[in-house]
Amino acid sequence: MAAEQGNTDRPPTPEMPSRFTANRMLIAVVFIAVYSWSVEGTGLSIVALIEGLPDFWQLGQHMFPPSLEGYEELWVPFLETLFIGILATIIGSVFAIPIGFLGAANLSHPVIYYPIRLVLTVFRGVSEVIWALLFVVAVGLGPMPGVLALCIFAVGVQSKLVAEAVEAVDPGPLEAIRTTGASPWKVFLYGAWPQVLPLYLTYALYYWDHNTRQATILGFVGAGGLGQKLLWDISVYEFEKATTSIVLMIVLITAIDRFCLYLRSKII
Amino acid sequence: MNNATLDAEIDSLIKLRQRVLLNWLFILTVILAVGGYAAWFTGFDIPELVTGWPHIWNLLKRMFPPDFSIVPILYGPLIETLQMALLGTTIPIFFAVPLAWLTAVNIREDHVLGNIVRLFLHVLRTIPELLWAMLLVSAVGLGTFPGTLALILHTTGSMGKFFYEAIEAIDPGVIEAMEATGANQFKVLMFGIIPTVLPIYMSVVLLYWEFNTRAATILGLVGAGGIGLTLTHAIQAFEYDEAVTCLIAIVLILTVIDRISNYLRSKVI
């Protein structure tokens with residue numbers, strides 16, 4: 001047909017390789033096996049979901065309508081959550097600069113940066129909530145262990161990000177400043193720092209957002225904030241009050257999220 | 001004449017520099033003031049940390065050396081954690097993809113429905129997975145089932161956002177070109193949108209696999225199964241050397257998943 005219509009110059013269509021290669025089949029089989037094993041292990045199934053429906057419905061009924069009774073008690077936990085996030089972000093960001101520069105392979109010495117990296121890996125190795133759990137044991141209940149937990153994790157992540165930003169610094173300007181006879185301090189201040197600053201601010205803002213989210217749940221292990229109030233409400237079955245706390249959490253997280261976006265658009 | 005303009009220029013540059021410095025000074029003052037107030041409000045003080053040091057030291061002494069005799073009983077919870085993370089990452093794909101398609105503004109005209117879906121996704125992801133877990137545990141009881149559901153709910157919200165943002169970032173030319181050939185919406189989706197966003201989706205899924213594994217390790221703190229439950233029990237029983245073994249196990253599996261995920265990412269992208 002094609003030849004009759006004068007399309008002889010068209011190259012023959014290449015043979016399509018089969019979609020069902022042995023390799024892909026193997027991957028699919030392994031995936032299905034792991035998947036069904038997981039479904040069995042976690043007890044997640046449509047049946048369980050349907051059986052759970054009345055319970056979910058009952059919980060929903062308990063939660064709505066939200067009760068405003070005792071809402072004045074929410075102010076302190078609300079501000080506590082906000083301030084835990086702010087404080088942890090400030091402390092984390094302050095520590096991230098020296099540690100980040102000391103942990104960068106291009107400006108630091110292996111004797112310094114290998115140990116620093118190891119410590120940072122441990123810091124961000126476990127979640128904030130687990131750090132909070134440990135700090136609650138060490139320093140007692142309240143917002144203090146929450147701040148410490150967020151700080152440890154934030155230092156771990158932010159320092160690593162700063163170190164990566166420093167390693168990505170263009171060496172040209174540094175060298176140019178060095179050839180003018182500037183001291184290492186000035187090389188840092190006018191060569192490296194301006195290149196790292198925008199990234200640094202982006203990370204700091206991102207971690208403010210992140211820390212606020214985390215601060216809302218730290219209370220579940222006794223580390224202060226809205227989470228602690230929420231845990232209390234749920235453990236005494238006052239779900240209508242819990243809903244009010246949850247709504248407040250959503251408002252706080254959304255507000256900080258928007259504010260961070262706004263600040264970022266201003267900076268960059 | 002020439003000198004005068006140069007002087008003026010230098011003058012204005014100096015002024016600009018002073019203004020920038022003043023701005024920075026102002027911002028730093030505000031941050032310091034807010035930070036100081038925050039420290040006061042949360043009762044955060046360093047002296048207390050220093051005077052409490054013997055207590056922390058005591059805790060550390062009780063944590064080391066780790067008690068490795070409990071390793072055999074950790075396998076079950078660890079596997080549970082991995083299973084929850086796997087399901088909590090893969091099942092949301094089936095919800096997030098259609099929801100993202102419903103709400104991406106560049107391919108859908110229906111903004112009412114789109115905005116409702118967006119709000120829904122926003123609420124899903126704003127509530128942390130630990131809170132979802134706590135609510136679901138109080139509804140259906142302890143176990144991995146509420147934990148997995150919690151991961152699914154939170155991940156659907158987060159993935160949905162990444163997914164619709166990926167669709168919205170598509171070059172409009174691709175869609176226009178396809179529509180010009182007379183392709184219907186389904187064909188535009190299958191052959192225009194999906195191939196374009198697939199690499200991003202895959203990297204988002206891998207990201208959430210890591211994220212959910214990390215989250216699954218803490219779900220046990222509210223009774224939703226996994227290694228966190230073992231950790232909480234150890235701490236509540238004051239068996240801190242056992243708790244450290246749990247922590248080591250957590251760090252190990254997180255590192256392994258991180259490596260696998262990085263390897264897969266380098267493969268698919």
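The values are calculated or read from the model by the stated rules, or taken from the named source; none is laboratory data. Computed from a predicted model, the values in this text were never measured in an experiment. When we count neighbours, we look across all protein chains shown, and the Cβ atoms used for this are built from the backbone with ideal geometry, even at glycine.
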Within region B:226-269, tally of residues that are more than 21 Å from residue B:69 (Cα to Cα) and either charged (D, E, K, R) or in contact (Cβ under 8 Å) with a residue 24 or more places away in the chain (or both): 10
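Can you name the residue in region A:76-101 that is without any contact (Cβ under 8 Å) to a residue 60 or more places away in the chain and of a type in the set (A, V, I, L, M, F, W, C) and, of all such residues, is surrounded by the fewest Cβ atoms within 10 Å (Cβ to Cβ)?
At the first step, the residues of region A:76-101 found to be without any contact (Cβ under 8 Å) to a residue 60 or more places away in the chain are A:76, A:79, A:90, A:94, A:98.
Subset that is of a type in the set (A, V, I, L, M, F, W, C): A:76, A:79, A:90, A:94.
Numbers: A:76: 14, A:79: 17, A:90: 22, A:94: 16.
Top of the filtered list is A:76.
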Just need a number here: residues in region B:139-180 that are under 24 Å from the mean Cα position of the chain (by Cα), in a helix (DSSP H, G or I) and within 14 Å of chain A (Cβ to nearest Cβ). 16
Pairs with Cβ under 6 Å, 6+ apart, first in region B:45-71 and outside the structural domain of residue B:237 (by TED's automatic domain parsing), second in a helix (DSSP H, G or I) and small (Gly, Ala, Ser): B:56/A:138; B:59/A:138
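Restricting to region A:117-152, count the residues that are free of Cβ contacts under 8 Å to residues at least 40 places away in the same chain and in contact with a helix residue (DSSP H, G or I) (Cβ under 7 Å, 6 or more places away or on another chain).
We begin by selecting, within region A:117-152, every residue free of Cβ contacts under 8 Å to residues at least 40 places away in the same chain; these are A:118-119, A:121-127, A:130-131, A:134, A:137-140, A:148, A:152.
Next cut, in contact with a helix residue (DSSP H, G or I) (Cβ under 7 Å, 6 or more places away or on another chain) only: A:123-127, A:130-131, A:137-139, A:148, A:152.
Within region A:117-152, residues that are free of Cβ contacts under 8 Å to residues at least 40 places away in the same chain and in contact with a helix residue (DSSP H, G or I) (Cβ under 7 Å, 6 or more places away or on another chain) number 12.
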Of the conditions (1) within 23 Å of residue B:86 (Cβ to Cβ); (2) out of contact with any Cys (no Cβ under 7 Å at 6 or more places or on another chain); (3) among the hydrophobic types (A, V, I, L, M, F, W, C), residue B:231 satisfies every one except a single condition; which number is it? (2)
Determine the pairs where a residue that is farther than 20 Å from residue B:150 by Cβ, located within region B:88-104, has a partner that is among the hydroxyl-bearing types (Ser, Thr, Tyr) and assigned to a helix (DSSP H, G or I) with Cβ atoms under 8 Å apart, the partner being 6 or more residues away or on another chain. B:97/B:201; B:100/B:164; B:101/B:164; B:103/B:164; B:104/B:164
In region A:32-75, residues that are touching a residue at least 40 places away in the same chain (Cβ under 8 Å) and in contact with a Ser or Thr (Cβ under 7 Å, 6 or more places away or on another chain) total 8
Residue count, region B:228-247 (criterion: buried (at least 21 other Cβ atoms within 10 Å of the Cβ) and more than 10 Å from chain A (Cβ to nearest Cβ)): 4
Considering (1) assigned to a helix (DSSP H, G or I); (2) away from chain A (no Cβ under 12 Å); (3) in contact with a Leu (Cβ under 7 Å, 6 or more places away or on another chain), say which one residue B:87 fails and leave the rest. (2)
(1) within 21 Å of residue A:210 (Cβ to Cβ); (2) without any contact (Cβ under 8 Å) to a residue 40 or more places away in the chain; (3) of a type outside the set (S, T, N, Q): which one isn't true of residue B:134, the others all being true? (2)
Please tell me if residue B:3 is part of a helix (DSSP H, G or I), more than 12 Å from chain A (Cβ to nearest Cβ) and not aromatic (Phe, Trp, Tyr). yes
